[in-house]
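To keep things clear, I will list the structure first and then write my remarks on it.
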Amino acid sequence: MQSEMIAFGPVHLDIQDFKRSLGFWRDLVRLHPIETTDGIATLGADDAPLVVLHASATRPVQRGYSGLYHFAINLPSEPELARVIARVRASGHRFGATDHIVAKSIYLNDPDGIGLEITFETPDRVRSFQWKEGERSPLVMDAEGRRREGVEPLDVDEVLALLPGGDIMRPLPSGTIVGHVQFQVRNLEASYAFYRDKIGLIPSMYAPWARYGDLGAGGRVAHRIALNMWHGVDAPPQPAGAAGLRSFTMRFASQGHLREAAARIGNAETRGHECVARDPDGNALVMVPGDSVLEQPGGPHSLSSNSRTGM
């Protein structure tokens with residue numbers, strides 16, 4: 001597998017009801033509790049932390065604002081996606097299912113309305129991918145030379161045919177990662193420039209006519225940070241106390257790459273081995289070197305729910 005210059009560490013979320021949210025992330029998504037303290041829970045796959053819950057919000061996600069659109073948990077195999085789909089379907093929790101050709105995904109919301117994509121990336125199914133100006137969606141040529149849309153209904157039954165055995169409650173396996181983060185932004189050009197020029201991500205698609213753009217990190221799937229303005233231009237940040245993103249973690253390939261990014265940003269705050277910065281929408285980005293110990297509850301991530309948007 002082609003290595004990428006940046007990977008994701010844990011995503012920190014502000015949530016309202018600790019017990020209710022823990023039930024969603026632990027019992028439905030099936031992340032493993034790594035550490036739980038008063039009002040904070042770190043969950044992951046095996047010992048790799050992926051999500052940290054902070055019971056600090058006083059209201060659910062508010063629609064029509066900038067901020068987190070969704071983040072993705074990437075699974076290591078399609079049978080594991082089948083296991084998740086079977087579990088979610090059996091629970092009665094509402095979900096959507098989409099075939100992006102480059103990935104097979106389901107979408108669901110947590111109890112506070114935080115968006116989650118659970119996906120298995122399938123780059124071998126794609127021959128070419130382009131988004132022509134003025135077109136509402138990208139054009140994909142699959143590996144067999146057929147014209148496809150970038151967003152098609154997922155054949156859920158076809159995926160479920162790969163379900164390994166009857167154990168649908170098995171926790172997410174080793175190799176599960178945070179794969180990408182998508183934001184609703186106020187100004188597409190400014191946010192795209194930040195992740196391209198300051199963080200150093202590689203431009204993939206920039207489609208202002210569709211109010212969308214995304215960037216990659218050098219791997220086979222060029223979709224690591226995605227940006228949209230689907231809630232309108234200059235959408236205000238989430239109001240105080242709203243559930244949503246507290247911070248997200250980017251793990252750089254080396255300390256040198258991290259230092260270069262911090263220097264380009266200019267106002268990043270150094271905290272031990274980490275640097276904390278904010279993108280143009282106020283989203284808190286914690287940058288760490290690839291060989292660092294990524295997570296302990298509290299510490300640099302103990303930002304208040306208001307501070308994540310600069311309020």
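None of the figures in this text is laboratory data; all of them are computed from the coordinates on show. Treat the numbers as computed from the prediction; the structure is a model and nothing was measured. Neighbour counts run over all protein chains shown; Cβ positions are idealised from the backbone, glycine included.
Quick notes on this one:
- The trypsin sites (Lys or Arg not before Pro) of the stretch 196-253 that DSSP puts in a loop, and whose beta carbon has at most 14 other beta carbons within 10 Å, are Arg220.
- Each residue of the stretch 101-111 was assigned a 3J(HN,Hα) from its phi angle through the Karplus expression (A = 6.51, B = -1.76, C = 1.60, θ = phi - 60°), giving 6, 6, 6, 10, 9, 10, 10, 8, 10, 6, x Hz with x at Gly and Pro.
- DSSP loop GluC sites (Glu not before Pro) with at most 14 other Cβ within 10 Å: longest gap in the chain: 145-311
- Modelled FRET efficiency - R0 35 Å, Met169 with Asp234, Cβ distances, 0.05 increments: 0.20
- Charge context of Gly166, other residues only, Cβ under 13 angstrom, K/R +1, D/E -1: +2
- ³J(HN,Hα), Karplus 6.51/-1.76/1.60, whole Hz, each residue of the stretch 80-86, x for Gly, Pro: 5, 5, 4, 4, 5, 4, 4
- Alpha-carbon centroids, the stretch 181-244 and the stretch 62-100: separation in whole Å: 20 Å
- Note, ³J(HN,Hα) from phi for the stretch 213-226, Karplus 6.51, -1.76, 1.60, rounded to Hz, x at Gly and Pro: x, 8, 9, x, 10, x, x, 6, 10, 8, 8, 10, 10, 10
- A Cβ-based charge dipole, computed about the Cα centre of the chain with Lys and Arg at +1 and Asp and Glu at -1, lands at about 440 debye.
- Order of Ser128, Ser91 under a 10 Å beta carbon neighbour criterion, fewest first: Ser128, Ser91
- The value of relative contact order for the stretch 15-85, using C-alpha pairs under 8 Å at least six residues apart, is 26 percent.
- The relative contact order of the chain comes to 23 percent, based on Cα pairs under 8 Å that sit 6 or more residues apart.
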